[in-house]
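Derivation of every value follows stated rules applied to the coordinates shown; laboratory data play no part. As the structure is a computational prediction, the values presented were derived from the model and not from experiment. Cβ sites come from the backbone with ideal geometry, for glycine too, and all protein chains shown count toward neighbours.
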Amino acid sequence: MLETNVCGLNFKNPLLLAAGVMGSHASSLNWILNSGASGVVTKSFSIEPNPGYHNPTTVPVEGGIINAIGLSSPGVENFKEELEQIDSKGVRVASIYGASPEEFSYLASEIEDLIDVIELNVSCPHAMCGYGSSIGQDPTLTEKIVKATKESCKVPVWTKLTPNVTSISEIAIAAEKGGSDAITLINSLGPGMKIDIKTGNPILSNKFGGMSGPAIKPIALRCVWDVYDSVEIPVIGVGGISNYKDVVEFLYAGASLVQIGTSIMDYGPEIFKTINTDLNEFIENSDFNSINDMVGYAHKKI
Amino acid sequence: MLETNVCGLNFKNPLLLAAGVMGSHASSLNWILNSGASGVVTKSFSIEPNPGYHNPTTVPVEGGIINAIGLSSPGVENFKEELEQIDSKGVRVASIYGASPEEFSYLASEIEDLIDVIELNVSCPHAMCGYGSSIGQDPTLTEKIVKATKESCKVPVWTKLTPNVTSISEIAIAAEKGGSDAITLINSLGPGMKIDIKTGNPILSNKFGGMSGPAIKPIALRCVWDVYDSVEIPVIGVGGISNYKDVVEFLYAGASLVQIGTSIMDYGPEIFKTINTDLNEFIENSDFNSINDMVGYAHKKI
Amino acid sequence: MKSPEVLEIKEIIEETPTIKTFIFDWEMEGENIPYPGQFLMVWNFKDEKPMSISHMNFKNNEIGFTVKAIGPFTNNIHTLKEGDNLGIRGPFGNGFNCDFKDKHVLAVGGGVGMGPFIPFSEECINNGGEVDVISAATTKDELLFVEELEDLGVNVYTCTDDGTCGFKGFATDRVNDLLKTNHYDSAAVCGPEVMMKPIFDLLEENNIPAQYDIGRYMKCAIGICGQCCVDNTGWRVCKDGPVFSEKQLRQITEFGKYQREPSGIKQYY
Amino acid sequence: MKSPEVLEIKEIIEETPTIKTFIFDWEMEGENIPYPGQFLMVWNFKDEKPMSISHMNFKNNEIGFTVKAIGPFTNNIHTLKEGDNLGIRGPFGNGFNCDFKDKHVLAVGGGVGMGPFIPFSEECINNGGEVDVISAATTKDELLFVEELEDLGVNVYTCTDDGTCGFKGFATDRVNDLLKTNHYDSAAVCGPEVMMKPIFDLLEENNIPAQYDIGRYMKCAIGICGQCCVDNTGWRVCKDGPVFSEKQLRQITEFGKYQREPSGIKQYY
Ligand SMILES: Cc1cc2nc3c(=O)[nH]c(=O)nc-3n(C[C@H](O)[C@H](O)[C@H](O)COP(=O)(O)OP(=O)(O)OC[C@H]3O[C@@H](n4cnc5c(N)ncnc54)[C@H](O)[C@@H]3O)c2cc1C
Ligand SMILES: Cc1cc2nc3c(=O)[nH]c(=O)nc-3n(C[C@H](O)[C@H](O)[C@H](O)COP(=O)(O)OP(=O)(O)OC[C@H]3O[C@@H](n4cnc5c(N)ncnc54)[C@H](O)[C@@H]3O)c2cc1C
Ligand SMILES: Cc1cc2nc3c(=O)[nH]c(=O)nc-3n(C[C@H](O)[C@H](O)[C@H](O)COP(=O)(O)O)c2cc1C
Ligand SMILES: Cc1cc2nc3c(=O)[nH]c(=O)nc-3n(C[C@H](O)[C@H](O)[C@H](O)COP(=O)(O)O)c2cc1C
Ligand code: FES
Ligand code: FES
């Protein structure tokens, strides 16, 4: 009931792990696969090692958390060892980041044999200048990076976008033009900040961090809705999902797959099993025959 | 202890009512003034009457609500009757909206004698095309509108911005160049949406609505921080404030005044009295001697 | 505050040629538990409007409201069948005080304004009060809830504009008449404002404390948008009302005079 | 999950030339209540690092941790005075099982790894167990908590690398020695991993069930960032640990071999 096919790949259900959450080691990624996810996205990695920001790197806010891990990465050479060990029973998505088309295409060519999909992180809201959302806020650069990556590898390429732009559809269309096989949205929101009132210190060492968790769901849903209307390629929804109802909302809004991140903090890796069970029951009690039937359903209602 | 002066106006405390919340009638605005607010911002109004969108116009989400009231307005002629009756013991801020510099300047000249400040709503995320955030996402148009308004009236003009842009500082700088006397941020976030999973219907009749309430506070704070660093004029903070700690955070981030909206849903107009009492106690137990001492304090800590 | 919950219509009762009652399964627990005089926001996937709760069954876990077809929304609701969906959120508002042990209470309902008076009467009687109800309508066929109220042990006085049943004339006249023979400790009134205003004046003259269930155009229903605020106090009908005491009503200067359209423009009666 | 709470340092105890204990007022209620083996994240407004809870006073509502100065962060903490501020969040992690009624338990702490063993011993004794503790250090002056533990009724065995106090040699040798004469139902071990690994091997040989409090570089401490996950199970030391049973430890293939730097690069011991 839960199987679906996106970009020519079979997913045994529509639930994937989102990038950056328990995603730094093959061992934790395999735990997530064993917990019921149909696929996993790795923590984003770069060519060179990067320790990320000093702590504090996360702080809770109403309805979620803000984080500025700072794209820590062991560098592609070290990370290959992890990629090799991710269980191929799930769909293995490598999230990569860089500052130029050359960096992205180099990374893609280095790892394409080890994984099933490449996700481009052009959307991290707390990346160093020149990385992350400073790319995904520029349609021309986004298109170039997607194009360069596509030319350097044969696996499907998903482009992950930031909601922190005036028009997300504009960026999605640019990614589609560049040849992206799907659009993932959204990366964390904002950035936002929190200040300690006793001392006046911003709590995150980076001051600002991306917001994630249930509070960002309405924004993520609207981004999925808009981009579904703007491009032909599949949309992958992420942001604040914590139960099967959220998944249904995302599918209705136009997502073909969803990713789950922050909710693992509250529910652990077991969340994948729980949602799969509930989602299966929901579909069995509905008029839908497949996940695919549900994708974009709400667009037909208006 | 709580008095402050912004744009040459005295405020008996830093708390104002935000636009659009209990702000359509003089009677409810006066209730808010009697509950301890130092000033009130009216619901945004236009030249011609506008009934707004069909219901549902609000729906709860994690950490707040989304709304698409749709800028309902009785039109300036009818609204003058309300403006005349707002108690002048508080600072009376009229929020106006239009689609062109001419509309804004006409509105300003029509009402400037009845109120103390004009706030320009160039930021509503669910306005009809050509209004609201479609202006505030364009620096050139924002500057023009501020300039036209300034030329047509003598009262201070505050420009209220939308966070739904790639760079809020860019827009704030444009407003400052246009002659704005202060920047108010943020208008509601997103827009976001919510879909009923039983029927597949987006719940808001307008599908999308602006998000407000505690969940948007981290984003609002970061916008205040950024704009405080980018302009010389005062910043007025709004977004998710529900207690005195939130107010302290906004002051530290750079706000000279704050506005409170959605929290009235949970706490009623009494929230102004409660926060004033708590804030007063906080300052008395601190090393600060005035509200002004606290403005931007966190910037000195880093 | 909750999102609308989409529920299937369990039962439709055709009360009069223009009025139907819609009944739903409803878990009577926590914030769901309604109180007489509270209302629901009803979403037909095109618009959403307030409706008084006219039916509360705590044993069977049911809730319901009674709708008069008078315009686009209510006409659409009337086309629905059992099993069809509606979105419901609530209950909202303050509700009636029903604490009338050993007291004699007069309830006056005009037309579909009878809505809250079955739950109200039930609660008053449970609390040890005696209830008289004036059910007023234009004509006999439009009278609401007469039998149901009699079954509860209420003294029902009917009143029709055309005299087809009971007293011929307006509800005010009926009240005036009853006051000559009966003593009432308190009253509760719901109906069109043009009906409520003269009753308010009459009850004030007679020094009878009373509660008035008033209507204003509603958008959010959660006390935030300000649409339903009344002059001169600014009270929100959706949150601080919809039921106001006679003392409060004296301060609501717009009562009986005007209310506001969705745009905010005043609409004089 | 909570934000760091900024608290004033109430008391500083100079335990050894390189180790200090920092004590804070702490409301012992709800999610605040700590358990032996749990840790806190300590924020000095420049960085934030994990520290085992070494002091829990339920009567006086106090909490504390014990810090060895070994680098930029811990050196900075050592410069602080009573009355200075630190940000604290927690408690985090699972903590030790202390349910050893009528059992004989051996706790082995190396250096500042002694941190959790006052609360651990107290809880075991309260539950009716008997506790022996090996306090190991490089030299006499660096031995931790000997008197405090003796006051609790614990049999303390000291052990120094240089023989300045008690047994001369490594903790493993001390454990080996004790096993010859004593029967232990269970053990608990905390210290540098190069110390824990041979003790683990020794206890395994002797079939003694044990709990190991291990350390990994931590960022979020709330089980989300994945930094602290261990091979091959992927368990999060901050959430699923930091205490693991011997059965679990057998599956943690990286134990005693490597851990990961902030970048994720493996650092072999
Ligand atoms: C607290 C409250 C309880 C109510 N209870 C009942 C009830 O139990 N049964 C019943 O039949 N009616 C009730 N009403 C009135 C009901 O909401 C209107 O009859 C209905 O909204 C009419 O909509 P329409 O599209 O059919 O007609 P329209 O022609 O659109 O409206 C007719 C009149 O209904 C009122 N109205 C319309 N929309 C709204 C709105 N969003 N909020 C408030 N009033 C509105 C206005 O006075 C309007 O002039 C109640 C109203 C309020 C405020
Ligand atoms: C669960 C746990 C409990 C701990 N309890 C204590 C304790 O009670 N007392 C004590 O003195 N120390 C304790 N530590 C170790 C303590 O966190 C490090 O000593 C401290 O972070 C060193 O920081 P530094 O800047 O002084 O030195 P650095 O030179 O930066 O680091 C020295 C070593 O400390 C470790 N370390 C550094 N940063 C971190 C980090 N963010 N998370 C985990 N390890 C880190 C690394 O192994 C590093 O090689 C604990 C560690 C963990 C994981
Ligand atoms: C701790 C943390 C680390 C993250 N790291 C990455 C990352 O490396 N690359 C990336 O594309 N997204 C990263 N994200 C964003 C998530 O993949 C996801 O887009 C976002 O958190 C919204 O989903 P959620 O609400 O389910 O967490 C990170 C999020 C969190 C909370
Ligand atoms: C119901 C509602 C109506 C609003 N109407 C307006 C408006 O007319 N003009 C405007 O500038 N902002 C309007 N806002 C935005 C608020 O003024 C405020 O910027 C936003 O809600 C964030 O603050 P809060 O979280 O305290 O509500 C409205 C907000 C709400 C919830
Ligand atoms: S309907 Fe919005 S305040 Fe009453
Ligand atoms: S430190 Fe982040 S998962 Fe453990």
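Structure values in brief
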read-out	value
Candidates B:Asp181, B:Asp278, B:Asp87, ranked by Gaussian network fluctuation over chain B, Cα under 10 Å, top entry	B:Asp278
Total lysine pairs under 24 Å (Cα atoms) in segment C:104-268, excluding pairs fewer than 8 apart on one chain	19
Within 10 Å of each Cβ in A:158-164, the average number of Cβ atoms from other chains	2
Summed residue charge, Cβ within 13 Å of A:Ser188's Cβ, Lys/Arg positive, Asp/Glu negative	+3
Pseudo-label separations to other copies for D:Ser245 - Cα-to-Cβ vector, 7 Å, nm	6.4
Size of charge dipole - chain A - debye, nearest 20, with Cβ of Lys, Arg +1 and Asp, Glu -1, no other charges	620
Mean residue ellipticity (222 nm) of chain C, computed from DSSP H runs ≥ 4 via -39,500 (n - 2.57), nearest 500	-5500 deg cm²/dmol
Histogram of C-alpha separations across segment A:19-153, 5 Å bin width, %	2, 11, 20, 22, 20, 15, 8, 2, 0
Sorted by Cβ density within 10 Å, fewest first, the residues C:Ser54, A:Ser133, A:Ser109	A:Ser109, A:Ser133, C:Ser54
Selection from C:Met56, C:Trp26, C:Phe73, by position along the positive dipole direction of segment C:5-92 (Cβ)	C:Phe73
Stokes-Einstein translational diffusion, segment B:1-68 - Kirkwood Rh over all Cα pairs, 1.002 mPa s, 20 °C, in µm²/s	151
Copy-to-copy label separations for D:Asp99, where each label sits 7 Å from Cα toward Cβ, in nm and ascending	4.9
J(HN,Hα) series, segment B:233-248, from Karplus relation 6.51 cos²θ - 1.76 cosθ + 1.60, nearest Hz, glycine and proline x	6, x, 10, 10, x, 8, x, x, 6, 9, 7, 5, 4, 4, 4, 4
Sparse-neighbour loop sites [trypsin sites (Lys or Arg not before Pro); segment A:28-128; at most 13 other C-beta within 10 Å; DSSP]	A:Lys89
Label geometry 7 Å along the beta-carbon vector: B:Phe288 inter-copy distances in nm	4.9
Chain D shape via C-alpha gyration tensor axes, a/c threshold 1.5	rounded
Ranked list, fewest to most other Cβ atoms within 10 Å of each Cβ, for C:Asp99, D:Asp231	C:Asp99, D:Asp231
Segment D:53-96: trypsin sites (Lys or Arg not before Pro) in DSSP loop, at most 13 other beta carbons within 10 Å	D:Lys59, D:Lys81
Under 5 Å, built H, 5+ apart or other chain: amide partners of D:Glu11	D:Ile23
Sites D:Asp141 and D:Asn207, calculated FRET efficiency, Cβ-Cβ separation with R0 25 Å, nearest 0.05	0.10
Compactness of segment A:91-147, expressed as Rg and Dmax over alpha-carbon positions, Å	11.1, 31
Expected-Rg normalisation [2.2 N^0.38 Å, Cα atoms] applied to chain A	0.92
C:Ala188 long-range amide H proximity, modeled H, under 5 Å	C:Leu106, C:Ala107, C:Val108, C:Gln211
Intensity falloff of segment A:226-302 expressed as log10 I(q)/I(0), Debye formula with alpha-carbon point scatterers, at q = 0.11, 0.13 Å⁻¹	-0.28, -0.39
Two-site FRET efficiency, A:Glu151 against A:Glu281, from Cβ-Cβ distance with R₀ of 51 Å, rounded to 0.05	0.70
Where rotation carries C onto D, the chain C residue whose Cβ is nearest that axis, in whole Å	C:Gly30, 11
Local electrostatic count at A:Gly130 - Lys and Arg +1, Asp and Glu -1, tallied over other residues with Cβ under 15 Å	-3
Inverse mean reciprocal Cα-Cα distance (Kirkwood Rh) of the protein assembly as shown, Å	32.6
Radius 13 Å from Cβ of D:Thr164, net charge of other residues (Lys, Arg +1; Asp, Glu -1)	-2
Of D:Cys159, B:Val248, C:Asn176, farthest towards positive along the dipole that unit charges on Lys, Arg, Asp, Glu beta carbons give the protein assembly as shown	B:Val248
Sparse-neighbourhood loop sites, trypsin sites (Lys or Arg not before Pro) in segment D:215-269 - DSSP loop, at most 14 other Cβ within 10 angstrom	D:Lys257
Exposure proxy ranking, count of Cβ atoms within 10 Å, fewest first, for C:His104, A:His25, C:His55	C:His104, C:His55, A:His25
Interchain or long-range residues, amide H under 5 Å from D:Glu5's placed H	D:Ile88, D:Arg89
